[in-house]
Amino acid sequence: MTGKQRNYNRRYPSEYGFLRTLFYMTFLYTVVIPFMKIFYNYEITGRENMPRQAKNGKFIYTANHVSIFDPPMVSMATGKPIAYMAKKELFVDGEKLSWLVKRLGAFAVDRTKPEIATFKTVRDILSTSWSLGVFPQGGIRPYGKLDEIKKGFVVIAKNAKADIVPVGIEGFDGYPKLKPFTRRNVKLHIGKPISYKLPEDEIIYQWGEQMSQLAGYQNLLPKPKNIENQLVNN
């Protein structure tokens, strides 16, 4: 008889201590970076935009979502331990990536409804040296336009009083080829922090505007009324 499976939507500060951080950074430098060097021509820009206080973990890194490689690529670009929000299906025993996802500090979310446990977990993660990772598009959307995003990342940022750092994944042209001496391409661009104190619609629009520059996406998100009024008055 098996015991009850743990619900990974609730994680605690003690889970993001020295040993998990060591495991995370070791995995990043011994697995992720060598893998990327072998199979990809990659470029990282914008590290000068990273907040100096990022070591305190009070920031939410948000990227466009083009592949299952996005979390490790964002972590590689920032060089930071990041706990990612992930769909709850990834945490089911027997799921291909379940073991690794759990040990790299991700936590489960139900994309159909918000849960109090999510906000408590975010609060606890940001009380440690870790940062939070969110993909506002929800699932993988490998096309170059922003026409619909999940607004939950703004609610989370305001609740946690954490600024948002956009990360653009540009020019990702597929998963690794098995042919020798062939590489795929990808560019990773870190944008400028967006204050959580701004109005919700302005945060979303600013994120879209930065993503249009960083990832080469078309921003189809609606302009906030105050920005529209400024354009009319000018």
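The values are calculated or read from the model by the stated rules, or taken from the named source; none is laboratory data. Everything quoted here is computed from the prediction, not taken from an experiment. Please note: Cβ atoms are built from the backbone with ideal geometry, for glycine as well, and neighbour counts cover all protein chains shown. Just the protein is used for accessible areas: all its heavy atoms, side chains included, with ligands, DNA and RNA removed. Shrake-Rupley method; radii C 1.70, N 1.55, O 1.52, S 1.80 Å.
Numbers for the structure displayed
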| item | result |
| --- | --- |
| With every protein chain in place, the chain: carbon and sulfur % of accessible area (1.4 Å) | 55 percent |
| Mean Cα-pair separation over length for the chain, i.e. relative contact order, pairs under 8 Å, 6 or more apart, % | 27 percent |
| Per-residue HN-Hα couplings for the range 13-22 [Karplus 6.51, -1.76, 1.60; θ = phi - 60°; Hz; x = Gly/Pro] | x, 5, 7, 10, x, 4, 5, 5, 4, 4 |
| Lys/Arg +1, Asp/Glu -1 at C-beta; the chain dipole; positive extreme among Gly208, Gly138, Val74 | Val74 |
| Probe 1.4 Å, protein heavy atoms only - accessible area per residue of the chain in square angstrom | 55 Å² |
| Charge context of Pro176, other residues only, Cβ under 9 angstrom, K/R +1, D/E -1 | +3 |
| Qualifying chymotrypsin sites (Phe, Trp or Tyr not before Pro) for the range 105-147 [loop in DSSP, other Cβ within 10 Å: at most 16] | Tyr143 |
| DSSP beta bridges in the chain [antiparallel fraction, %, rounded to 5] | 20 percent |
| The range 123-234: relative contact order in percent, alpha carbon pairs under 8 Å with at least 6 residues between | 27 percent |
| 27 Å Cα-Cα threshold exceeded, pairs from Lys88/Lys158; Lys113/Lys177; Lys58/Lys150; Lys150/Lys179 | Lys113/Lys177; Lys150/Lys179 |
| Environment charge at Tyr196 (Cβ cut-off 12 Å; Lys +1, Arg +1, Asp -1, Glu -1) | +1 |
| Contour minus Cα-Cα distance for Lys37 and Asp93 (0.36 nm per residue) | 17.0 nm |
| Near-label residues of the range 95-113 by backbone N, under 12 Å of a point 7 Å along Cα→Cβ of Tyr29 | none |
| Ordering of 10-16, 206-212 by burial proxy (mean other Cβ atoms within 10 Å per residue, highest first) | 206-212, 10-16 |
| Most to least packed among 187-193, 173-179 [average Cβ atoms within 10 Å] | 187-193, 173-179 |
